[in-house]
Amino acid sequence: MSLFNEYEFKKCVNRYKGNRHAIKFNCRDQFMVMSFAQFTDRAGLRDIETTLNLCGDLYRSGIKVMPRSTLAEANEKKDWRIYQDFAMTLVKEATALYKDEKLRIGLDEMIYAFDSSTIELCLKLCPWAEFHHGKGAFKMHTLMDLRGSIPTFVLLTP
C-alpha cells in the first residue's frame, strides 16, 4: 500500500464526514480490508472474513480483522463518494507516472479504448438492477488510456 496517500484519503473522508459515527471500524480500515479483498480475489464477505482470520497477524500491515457483519454495515452506510474521489486521486497520480511512457505500437498520440460490459447481479439482492427478462445487471462503460492501462472515465448505467 505504498501508493496509499494518507493525506489525500483523509481529505476525501472529511469532505463527506465518513468517520462521523465510526468507533472501531473507520473509512481507512474499510479501504484496507476491501483493497486486501480485491488484491486476493475474494468472492464475498464470508470469504473475506475467513481469509483475514486465516492470515493471522495482519496488524502490522494496517488491516483490521472484523466480522463480516461489521464490514457489511460499513459497506452499506459509508458514503461511496469517499472512495470515488480517492480513486480519482489515484488515477491522477498514475497518469502522471505514465505520461512519458511510449506505446508499444509506436504512436506518439494519446490512444484510448472504450469498453461497455454488462455486470450481472442477483435480482433478489439488488432489485434496483432489473435489466431485462427478469435478470439483474447494470452496464459499466469504461474509457481506458492505453498508456499505462488507466481508466479515465467510468459510468454505471441501468
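Any read-out appearing in this document is the output of simple, stated calculations on the displayed coordinates, not a laboratory observation. Nothing here was measured: the structure is a model prediction, and the numbers come from that model. FYI the Cβ positions are ideal-geometry reconstructions off the backbone, even for glycines, and counts take in every protein chain you see.
Observations on the structure shown:
- Top-ranked residue of the range 123-148 - restricted to ones that are within 19 Å of Ala43 (Cβ to Cβ) and out of contact with any helix residue (DSSP H, G or I) (no Cβ under 9 Å at 6 or more places or on another chain), ranked as surrounded by the most Cβ atoms within 10 Å (Cβ to Cβ): Ala129
- Phe39 meets the stated requirement of being under 23 Å from Thr152 (Cα atoms), surrounded by fewer than 16 Cβ atoms within 10 Å (Cβ to Cβ) and of a type in the set (A, V, I, L, M, F, W, C).
- Residue count, the range 26-45 (criterion: part of a loop (DSSP other than H, G, I, E, B) and of a type outside the set (Val, Ile, Thr)): 5
- If the condition is being under 19 Å from Asp79 (Cα atoms) and either in contact (Cβ under 8 Å) with a residue 40 or more places away in the chain or touching a Lys or Arg at 6+ places or on another chain (Cβ under 6 Å) (or both), then the range 35-52 contributes only Leu45.
- Selection of the range 55-103 for residues being assigned to a loop (DSSP other than H, G, I, E, B) and loosely packed, with under 12 Cβ neighbours inside 10 Å yields Gly56, Asp57, Lys99, Asp100, Glu101, Lys102.
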